[in-house]
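Working notes, structure below.
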Amino acid sequence: MNMTIRKSAITLALMAFAAGSALAGPVQVKLSGDQEVPAVKTAATGAGTITVNDDKTVSGSVTTTGVKGTMAHIHEAAAGKNGGVAIPLEKKSDTEWAVPAGAKLTDAQYKSFKAGDLYVNVHSDANKGGEIRGQLKP
């Protein structure tokens, strides 16, 4: 193999490796009652950014309005379904919930994330199963 072809092959291999190890990227999420299962009639909303890296580490936060949240989580389930807690979020203020430092998805949860099968929701006293929800769509 001549040197030009070899360099091209190496360059392509490095580019493929770099693309595969890049950040999965930040995901914008919007939370509302109509995304809950079953849907919740509420004026509450939420929005935020959750980042899932290819090493499965997770960071980010959501901010809410119109709800006195009691807890918040990232759950594993497709839109229209409820699922178990993947990562509990930490309450930073009356309106902000953050992914705790060092949070990491399992291999199965990461696969679910890639498929769009993780969501964030915020619970309240009035809606213990969740008042607002937003699907994480990579």
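Here, each number is a calculation from the coordinates, and none is a lab measurement. Remember, predicted model here, so these are calculated numbers, not experimental data. Counting neighbours? That spans all protein chains shown, and the Cβs are built from the backbone with ideal geometry, glycine included.
Using a Förster distance of 30 angstrom, determine the FRET efficiency expected from the C-beta separation of Lys111 and Met71, and round it to 0.05. Show your work: numbers first, answer last.
Details: r = 25 Å, r/R0 = 0.85.
Once rounded, the FRET efficiency stands at 0.75.
Treating cross-link reach as a plain straight distance, find the lysines whose alpha-carbon is under 20 Å from the alpha-carbon of Lys81, omitting any fewer than eight places away in the same chain.
Within reach: Lys30, Lys41, Lys111, Lys114, Lys128, Lys137.
Applying 1/(1 + (r/R0)^6) with R0 = 35 Å to the Cβ-Cβ distance of Thr57 and Ala126, what FRET efficiency is obtained, to the nearest 0.05?
Values: r = 33 Å, r/R0 = 0.96.
After rounding to 0.05, the efficiency reads 0.55.
Leaving out same-chain residues fewer than 8 places away, which lysines sit with a Cα under 16 Å from that of Lys92?
Result set, ordered by chain and number: Lys68.
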